[in-house]
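Please find one structure pasted underneath; my questions will follow.
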Amino acid sequence: MEYKYDLNEKALYIEENRLTAYSLEKNEIGNCTSCDSVLMSLSYHTAGENIVVVTKCVSCGAFYANIYDSEWNWVDEAQISLLPIPIPISSPVIESLEELEAVPIKKLEVIFSKGEIEALFARAKNRTPVRQYLYRARKKYELFEEIFGLKLDL
């Protein structure tokens, strides 16, 4: 059987079946078959009559599925491959008043002047901003994205 694990969602995949964790308790589970160091549990899953504990070696970083029967008798161990973690290709885009209001004002003040911030909020509220302030603010969008990882599109 093929075992895969999603580190973000703490979900175990056995073949094509997705198993969510019922516990994320951290316990020492045993020793690594690769380097004999301690295995720590990451998550616990129910798979039919069995319990599958996803573990990670504290030394070599190997991941295993430790399989137990319903009475916690050890059944088997299988190596787990990790699912790739998606990396966002672009920055989150701020394009509405609600999204702009969620940005801490301190971040805006680092890049924009008071007049430019007022122009951004006026634009987000579909009001007519002071044109020169909005123009100056738009010149700073790229710098804001570079520093804070947020893309403005107002």
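The values are calculated or read from the model by the stated rules, or taken from the named source; none is laboratory data. Computed from a predicted structure; not experimentally measured. Here the Cβ is made from the backbone with ideal geometry for all residues, glycine too, and neighbour counts use every protein chain on show. These area figures cover heavy atoms from the full protein model, side chains too; ligands, DNA and RNA do not enter into them. Shrake-Rupley method; radii C 1.70, N 1.55, O 1.52, S 1.80 Å.
Restricting the search to the range 120-139, which residues are out of contact with any Lys or Arg (no Cβ under 8 Å at 6 or more places or on another chain) and hydrophobic (A, V, I, L, M, F, W, C)?
Within the range 120-139, the first condition is being out of contact with any Lys or Arg (no Cβ under 8 Å at 6 or more places or on another chain), and the residues that meet it are 120-128, 130-133, 135-139.
Those that are out of contact with any Lys or Arg (no Cβ under 8 Å at 6 or more places or on another chain) and hydrophobic (A, V, I, L, M, F, W, C): 120, 121, 122, 124, 130, 137.
Being of a type in the set (Gly, Ala, Ser) and free of Cβ contacts under 8 Å to residues at least 60 places away in the same chain: is that true of residue 137 here? Even if it seems obvious, please write down each step before you answer.
On the way: of a type in the set (Gly, Ala, Ser): yes; free of Cβ contacts under 8 Å to residues at least 60 places away in the same chain: yes.
Yes: the conditions hold for residue 137.
What are the residues in the range 18-40 that are outside any loop (DSSP other than H, G, I, E, B) and free of Cβ contacts under 8 Å to residues at least 24 places away in the same chain, if any?
Step one: list which residues in the range 18-40 are outside any loop (DSSP other than H, G, I, E, B), which gives 18-20, 23, 28-31, 38-40.
18, 23, 28, 31, 38, 40, listed by residue number.
Go through (1) farther than 22 Å from residue 91 by Cβ; (2) assigned to a helix (DSSP H, G or I) one by one and return the number of the condition residue 142 breaks.
Against the list (1) farther than 22 Å from residue 91 by Cβ; (2) assigned to a helix (DSSP H, G or I), residue 142 comes up short only on (1).
Considering only the range 79-120, state which residues are of a type outside the set (Val, Ile, Thr), open to solvent by 80 Å² or more (accessible area, probe 1.4 Å) and assigned to a helix (DSSP H, G or I). Before you say what the answer is, go through the steps one by one.
The first filter runs over the range 79-120 and keeps only residues of a type outside the set (Val, Ile, Thr), leaving 79, 81-84, 86, 88, 90-92, 95-102, 104, 106-109, 112-116, 118-120.
If we keep only those that are open to solvent by 80 Å² or more (accessible area, probe 1.4 Å) too, we end up with 79, 84, 86, 88, 90, 95, 98, 101, 106, 109, 114, 118.
Listed by number, the residues that qualify are 98, 101, 106, 109, 114, 118.
Here is a further query. Given the criterion polar (S, T, N, Q) and free of Cβ contacts under 8 Å to residues at least 24 places away in the same chain, identify the matching residue among 70, 43, 59. Reasoning before the result, please.
Values: 43 fails: free of Cβ contacts under 8 Å to residues at least 24 places away in the same chain; 59 fails: free of Cβ contacts under 8 Å to residues at least 24 places away in the same chain.
The match here is 70.
Next question. Out of the residues in the range 13-51 meeting the condition of being under 14 Å from residue 68 (Cα atoms) and hydroxyl-bearing (Ser, Thr, Tyr), tell me which one is surrounded by the fewest Cβ atoms within 10 Å (Cβ to Cβ). Step through it out loud before you land on a result.
So the first thing to find is which residues in the range 13-51 are under 14 Å from residue 68 (Cα atoms), and the list is 29-30, 41, 43-51.
Then drop every residue that is not hydroxyl-bearing (Ser, Thr, Tyr), which leaves 41, 43-44, 46.
Working: 41: 18, 43: 22, 44: 20, 46: 13.
Step by step, filter the range 13-51, then rank; the result is 46.
Now a separate question. Applying the selection to the range 1-12, what residues are open to solvent by less than 50 Å² (accessible area, probe 1.4 Å) and either over 15 Å from residue 63 (Cα atoms) or of a type in the set (Phe, Trp, Tyr) (or both)?
Residues satisfying the conditions are 3, 5.
Sticking with this one: From (1) farther than 20 Å from residue 11 by Cα; (2) open to solvent by less than 80 Å² (accessible area, probe 1.4 Å); (3) modelled with pLDDT under 95, pick out the condition that doesn't hold for residue 142.
(2)
Still on this structure: Filter the range 59-74 for residues that are closer than 20 Å to residue 34 by Cβ and part of a strand (DSSP E or B) and give the result.
Within the range 59-74, the subset closer than 20 Å to residue 34 by Cβ is 59-67, 74.
Residues satisfying the conditions are 63, 64, 65, 66, 67, 74.
Now for a separate question. Any idea which of (1) open to solvent by less than 50 Å² (accessible area, probe 1.4 Å); (2) farther than 30 Å from residue 14 by Cα is the one residue 67 doesn't satisfy?
Against the list (1) open to solvent by less than 50 Å² (accessible area, probe 1.4 Å); (2) farther than 30 Å from residue 14 by Cα, residue 67 comes up short only on (2).
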